[in-house]
Amino acid sequence: MNLSALQWIGLCLLLILFFTFWGRNNSKRALRSIPAFRQLRRTIELSVEDGSRLQISLGRGGILGPEAATAFAGLTLLRQVADIAADSDQPPIATTGDGAIMLLAQDTLRNSYKRLGIADQYHFRLAQTTGLTPFSYAAGALPRILDREVSATALAGSFGEEAGLLTSATQLSGGFSLGGSENLTSQAILFASADQPLIGEEIFATGAYMGSGPTHQASLHAQDVLRWVAILLFIVTALLPLFGGLR
Amino acid sequence: MNLRLQTPLATAVAIAFGFIILASLLIPDLMDVRNQILNWAILLAAIALFLGFANLFQVHLQKLRNKEKSAYSSILIVAMLVTFAITLWEGSQGVTAAWIFNNIQLPIETSLMAVLAISLTIAAAQILQQRKDLMSLVFIGTVFILILSSGPLFGIELPVFTRTIGPIVNNFLSVGALRGLLIGVSLGTLASGLRILLGSDRPYGG
């Protein structure tokens, strides 16, 4: 038993639309608790209070491949963090290893500043490319993480092994680190070295947990349903030959 | 000049092109259109790469002007300009550009890899101090099993690890976990793409 790619896309689309409209009348549907997001919210509040800075690493994934999805999750996080902390003493900064993501990060921050009515305080250095290869990106981002003003680093994007350097630097500076990536090697490294790792698809839940709107929550519920569909299909596919053999 | 994406127009363009790409999976006649759009996207990504390079230059130039760690920034700017000029002159396959890559960039990145190996070993050793939970214990246990099953250590081979437990972890448990994670990531990617197609998630325009 198999579903084609288009059937999966169609099913996912229907589920997102269903949960978006159903969610409007049913606000009690709760999301399970993910400690990483709980602690990130607390860190954002603390950083605003104590005047420290948050650093969002958006990774080095471009916008043309599947890694773009994690970069977009990082941009969602950046927008939410900027909306809360942009008018603080030390506004959040974003680093990336890709030109296109840098442009999108600058655009995201510029709009956050505009929404808060502080457009004149926006500066292009708030979102910057620190290097264009994995390790040059990490090497360029390290001084920003080790900056005494930075109290937390969130890695949300496409990373490889270089994620370990970024989280080690955060540990060295005594800050809080949260990390999520679509890359499995990076996930293993982040599990070992980040204070709060985001495993598997948790990185895609960023928008839903950081209050980005009902569609983000709806897509999270859609993912949950699709996961169960996949599990059921696996079980049925595994059992079918068994029953076929009995006939 | 202040370049800024106008959100409604950008949303319309993103949705329209997204639907064309999706429709091309159903309608083979749209294959040429899809290839053309993808070529434009690749070209735009190349321009964005150059803008990333320009941003790096601009940031360090301003650091130099503000006299913030100006020694590092001046070395970076000079190295960047020299390498860029040589690559423009000789082309990306040129001898000098290749020499710079093989003798400067590659050793520096390799040394960072070595630093990473040490920092990860320390991080793995400290994991139980940071998080005392079942998953951390499983992680540490798996690391030990994989190290012991990777081959003879100090000339001593432990067959129970190299021939029994190691292959079970490598061939069954880790492959299963890997597929589970990949399915989750795929579903997340699918949902992200659809949110953009629906116009509810706009990474452009904030």
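Descriptive notes on the structure:
- Yes/no for B:I47 being aliphatic (A, V, I, L, M), farther than 19 Å from B:A16 by Cβ, assigned to a helix (DSSP H, G or I) and at the interface with another protein chain (Cβ under 10 Å from one of its Cβ atoms): yes
- Restricting region A:119-140 to residues that are out of contact with any Phe, Trp or Tyr (no Cβ under 6 Å at 6 or more places or on another chain), part of a loop (DSSP other than H, G, I, E, B) and under 25 Å from B:R65 (Cα atoms), the residue that is nearest to the other protein chains (Cβ to nearest Cβ): A:L132
- Unique match (being over 18 Å from A:T43 (Cα atoms) and more than 10 Å from every other protein chain (Cβ to nearest Cβ)) among A:T185, A:T170: A:T185
- Here A:T43 meets each of (1) over 21 Å from A:L77 (Cβ atoms); (2) at pLDDT 90 or above; (3) among the polar types (S, T, N, Q) with one exception, condition (1).
- Those residues of region A:81-98 which are over 23 Å from B:L49 (Cβ atoms) and either facing chain B (nearest Cβ under 8 Å) or surrounded by 24 or more Cβ atoms within 10 Å (Cβ to Cβ) (or both), in sequence order: A:V81, A:A82, A:P92
- Applying the condition of being more than 7 Å from chain A (Cβ to nearest Cβ) and either among the small types (G, A, S) or over 21 Å from the mean Cα position of the chain (by Cα) (or both) to region B:176-195 and asking which residue is nearest to A:L77 (Cα to Cα) yields B:S186.
- Residue pairs meeting the criteria (Cβ under 9 Å; at least 6 apart or on separate chains; first buried (at least 22 other Cβ atoms within 10 Å of the Cβ), in region A:51-72; second among the basic types (K, R) and in a strand (DSSP E or B)): none
- Test: residue in region A:99-117 that is among the β-branched types (V, I, T), more than 10 Å from chain B (Cβ to nearest Cβ) and over 21 Å from A:R41 (Cα atoms): no
- Condition check for B:L22 on (1) at the interface with chain A (Cβ under 9 Å from one of its Cβ atoms); (2) closer than 27 Å to A:T130 by Cβ: one failure, at (2).
- Matching residues in region B:49-70 - criterion: being over 17 Å from A:A141 (Cα atoms) and among the charged types (D, E, K, R): B:R65, B:K67
The values are calculated or read from the model by the stated rules, or taken from the named source; none is laboratory data. Worth saying up front: this structure is predicted, and the values here are computed from it rather than measured. We place every Cβ from the backbone using ideal geometry, glycine too, and count neighbours over all the protein chains shown.
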